[in-house]
Amino acid sequence: MMRPTPYADLLTGAFALALGATGTVITLGYPSTSGGFPFALSAYMVAPIGVLLLFKGVLRLALEARPNTDGDEDSEDAQHVQFTPVTLAVIAAVTLATFAIGWLGFIISTGLLALVTGRIFRTRLWVTLVYVAAQSAVLWAFLRFFSVQMPEGLLM
Amino acid sequence: MYTGIGDALLILLSPMNLSWIALGTLLGLIAGTLPGVSGVSMMALLLPFTFGMEPETSVLMLIGIYAASTYSSSTGGILYNIPGGAAGVPTTMEGYKLSMKGRTGEVLSTDIYASFIGSTIGFVCAVVLTPLFITFATLFGTAERGLFALLALALVGTGALSRADPLRGLLAVGIGLLVGTVGMQPNTGFVRFVEGYPQLWDGFHLVWIIVGLYAIPQIFRLATLEKYFHAVREMDLHYGFGEEFRRFLSLFRRNRGMIIRTGLIGSIVGALPGLGTVASSWLGYQEAYRSSKAKEEFGNGSIEAVAGAETANNAAVPNTIVPLLSLGIPGSAASALILGAFLLAGVQPGPQMMAVNPEKVWTILLGLFFTGVFFVIFGLPFHRVAIYVTKVKPAFLIPAIVAFSAIGTFLATGFEEGIYITLGIGLVAVLLERMYLPVANVLLGAILGPTIEKELLLAYQIGGVGRFMQPGAASLVLIIAAILLWGLYKNLLPSLVEIWSPKSSQRVS
């Protein structure tokens with residue numbers, strides 16, 4: 001099991017504190033029978049855990065000899081997403097393609113995504129183009145066969 | 001208690017249901033073998049497509065994936081030192097070293113036969129435990145139902161019985177519970193957090209949460225996995241099935257006591273919420289070490305360790321479903337997904353299901369046994385195909401998963417914005433993972449949150465605080481408090497003591 005760095009403790013603590021504080025403020029105005037549960041979660045669970053994590057992070061930064069800033073976190077771990085340039089490019093491509101579904105339509109945006117991922121992974125262009133065509137055809141047939149009305153965008 | 005078994009066998013033996021189990025088993029083998037692709041991710045991806053299926057059919061496919069991916073989570077570990085899931089880590093530690101010594105065929109065979117023995121022991125235990133749990137559950141009222149769900153979350157969150165970080169575990173549970181409060185309050189109908197968005201008044205749809213938490217991060221994980229695939233592409237996985245089977249029989253004769261004990265340990269641990277297959281495989285490993293006459297082999301490649309860990313984690317699989325079938329409360333991410341399949345089909349698992357549709361409960365339990373048979377049949381030839389599985393390029397896998405996640409999400413609600421919300425949940429899940437927060441806890445919190453809130457509020461409205469002072473409810477309250485204190489004492493205190501220790505102070509000075 002990888003051990004988080006003190007900075008990860010601080011970041012997680014700050015995130016929890018912000019989430020807990022936001023939840024508390026929003027649910028303050030709710031009736032007690034309807035808002036009691038999310039209020040209790042925010043004020044008595046999430047926010048205090050945030051404070052404890054912040055405290056732990058500060059303590060580790062102050063007392064641990066050499067805060068482990070890179071060792072464990074950078075160790076290869078196939079179970080976690082690694083933020084490499086390739087991953088960031090894929091995240092950007094997937095996000096853009098997803099938001100383009102409503103505008104360009106499902107088939108076109110997933111086809112474009114396949115084209116872009118082919119480029120990101122430096123696959124031969126003709127292989128990528130064949131894959132894009134095959135994927136589009138399979139998806140089109142799938143949607144027709146099961147009568148799924150995915151957003152059609154430009155194809156409408 | 002055992003009525004409906006005959007009907008269940010008839011349902012199960014229909015060619016259609018057998019085909020779905022077989023398909024689920026194959027998909028589970030692929031998911032477990034591909035590095036970083038977990039069975040739960042595969043289940044999440046396929047869950048939306050089960051909409052409209054008979055509940056037992058969809059659940060049979062999902063448990064096929066779950067059981068086969070648990071078995072094959074160690075295949076990737078044995079072949080290229082990357083387990084397909086956390087349950088495969090103990091086997092990876094020993095199996096990869098044996099594989100490097102040229103004993104790949106022996107390890108893969110031991111893995112599969114020990115897994116089958118484990119799943120059979122687990123199945124027998126599940127058949128015994130389920131009616132007992134159901135009898136226990138019929139004594140529950142609203143307060144006890146809510147508190148038992150809370151108990152499951154306390155076990156999962158604090159890591160009281162494992163070694164998880166309790167602060168992060170509880171924080172993840174808290175985030176999940178908050179997600180579960182979005183939309184209408186179940187008792188009063190008051191809309192929370194999303195007053196201006198009528199499409200969200202029913203809260204986040206289960207499919208958005210499941211696909212977002214499991215399938216979307218999988219897409220981004222694949223981006224960096226190509227390097228792990230190279231190692232296995234050149235391997236020769238041809239070995240004699242008969243010879244390896246005889247070798248396993250000899251191992252079994254020498255260690256049958258240990259193998260049966262690890263099966264029983266796995267079964268019992270599997271039935272406890274929050275522990276499941278991961279804790280079982282480590283306990284199986286420990287039991288194999290304890291009873292071994294060749295302790296020096298542990299850490300350098302021990303076939304006994306592989307047998308112990310695999311028997312235990314596969315014995316746990318059927319029993320992780322027991323709390324779900326008997327109480328309606330999932331104790332792991334995989335059983336939460338199976339609950340999702342039931343809910344999508346309009347069926348609420350729990351004690352009533354055994355009373356009204358006992359054949360559904362038995363179909364699922366017997367289906368788990370059949371899955372064990374299927375993964376032995378498919379698993380041996382699959383080892384040779386595993387090399388081809390790793391030849392699939394992430395460049396093509398990623399757009400395909402995106403496309404099917406989008407279709408699945410859209411199918412569940414017919415709501416275009418659902419696709420964007422799912423992506424948003426997925427991106428948040430990636431960040432949560434980077435903060436070392438277990439997303440399984442978020443999922444369990446989101447699923448159990450509405451039940452906890454509804455049942456506890458109802459119990460309070462009916463009987464006030466006094467309702468929680470009744471023996472059953474009061475016992476559960478005390479157990480929850482004890483688990484919280486034990487989890488914090490066992491896991492949080494040592495880490496704080498470590499920070500304060502003189503050794504670390506000396507290093508500072």
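Tell me the angle of helix B:142-158 to the major Cα principal axis of chain B, expressed in degrees between 0 and 90 and rounded to the nearest ten.
40 degrees
With θ set to phi - 60°, apply the Karplus curve 6.51 cos²θ - 1.76 cosθ + 1.60 along the range B:86-92 and write out the HN-Hα couplings as whole Hz, x wherever there is a Gly or Pro.
5, 5, x, 5, x, 5, 4
Would you grab the residues whose amide H sits under 5 Å from the one on B:ARG192? Only those 5+ places off in sequence or on another chain, please, with H modelled 1.01 Å from N.
Here B:GLY183, B:MET184, B:GLN185 satisfy the definition.
From Cα pairs below 8 angstrom and at least 6 apart in sequence, can you work out the relative contact order of chain A, rounded to a whole percent? If you can, show how the numbers build up before the last one.
Numbers: 153 pairs, mean separation 33.6, N = 156.
Computed value for chain A: 22 percent relative contact order.
Which of the pairs B:LYS293/B:LYS391; B:LYS360/B:LYS393; B:LYS360/B:LYS454; A:LYS56/B:LYS295; B:LYS97/B:LYS393 have their Cα atoms more than 32 Å apart in this structure?
B:LYS293/B:LYS391; B:LYS360/B:LYS393; A:LYS56/B:LYS295
Would you mind checking the tilt of helix B:394-413 against the longest principal axis of the Cα atoms of chain B, expressed as 0 to 90 degrees and rounded to 10?
30 degrees
Taking a cut-off of 32 Å, what percent of all Cα-Cα pairs in the range B:5-492 are separated by more than that?
Details: 44981 of 118828 pairs.
I get 38 percent for the Cα pairs in the range B:5-492 exceeding 32 Å.
Below 8 Å, C-alpha to C-alpha, sequence gap of six or more: please give me the relative contact order for chain B in percent. If you can, show how the numbers build up before the last one.
Details: 959 pairs, mean separation 145.6, N = 509.
Answer for chain B is 29 percent.
Taking the alpha-carbon set of the range B:399-465, what are its Rg and Dmax in Å?
16.9, 54
What is the diffusion coefficient of chain A in µm²/s, taking the Kirkwood radius over Cα pairs and the Stokes-Einstein relation at 10 °C with a viscosity of 1.306 mPa s?
On the way: Rh = 20.0 Å.
Result for D is 79 µm²/s.
How large is the accessible surface of A:VAL138 in square angstrom, using a 1.4 angstrom probe and rounding to the nearest 10?
90 Å²
Please determine, in degrees from 0 to 90 and to the nearest 10, the orientation of helix B:358-389 with respect to the longest principal axis defined by the Cα atoms of chain B, where the helix direction is its Cα long axis.
Compared with the principal axis, the helix lies near 40 degrees.
At B:GLU416 and A:PHE142, where each label point lies 7 Å from the Cα along Cα→Cβ, what is the point-to-point distance in nanometres?
2.0 nm
Let me know the whole percent of all Cα-Cα pairs from the protein assembly as shown that are separated by more than 33 Å. Intermediate values should be presented prior to the final figure.
Values: 104622 of 220780 pairs.
Considering the protein assembly as shown, 47 percent of its Cα-Cα pairs are separated by more than 33 Å.
I'd like to verify something in chain A: which complete DSSP H helices, judged by Cα projection on the helix axis, reach 18 Å or more and average at least 0.0 on the Kyte-Doolittle scale?
Details: long enough: A:6-28 (32 Å, 1.27); A:47-63 (24 Å, 1.84); A:85-104 (27 Å, 1.99); A:106-120 (21 Å, 1.75); A:125-145 (30 Å, 1.53).
Span-like helices, by this rule, are A:6-28, A:47-63, A:85-104, A:106-120, A:125-145.
The values are calculated or read from the model by the stated rules, or taken from the named source; none is laboratory data. Small disclaimer: the values here were computed from a predicted structure and weren't measured. Please note: Cβ atoms are built from the backbone with ideal geometry, for glycine as well, and neighbour counts cover all protein chains shown. Quick note on the areas: whole protein, heavy atoms, side chains included, nothing else; ligands and nucleic acids left out. Shrake-Rupley method; radii C 1.70, N 1.55, O 1.52, S 1.80 Å.
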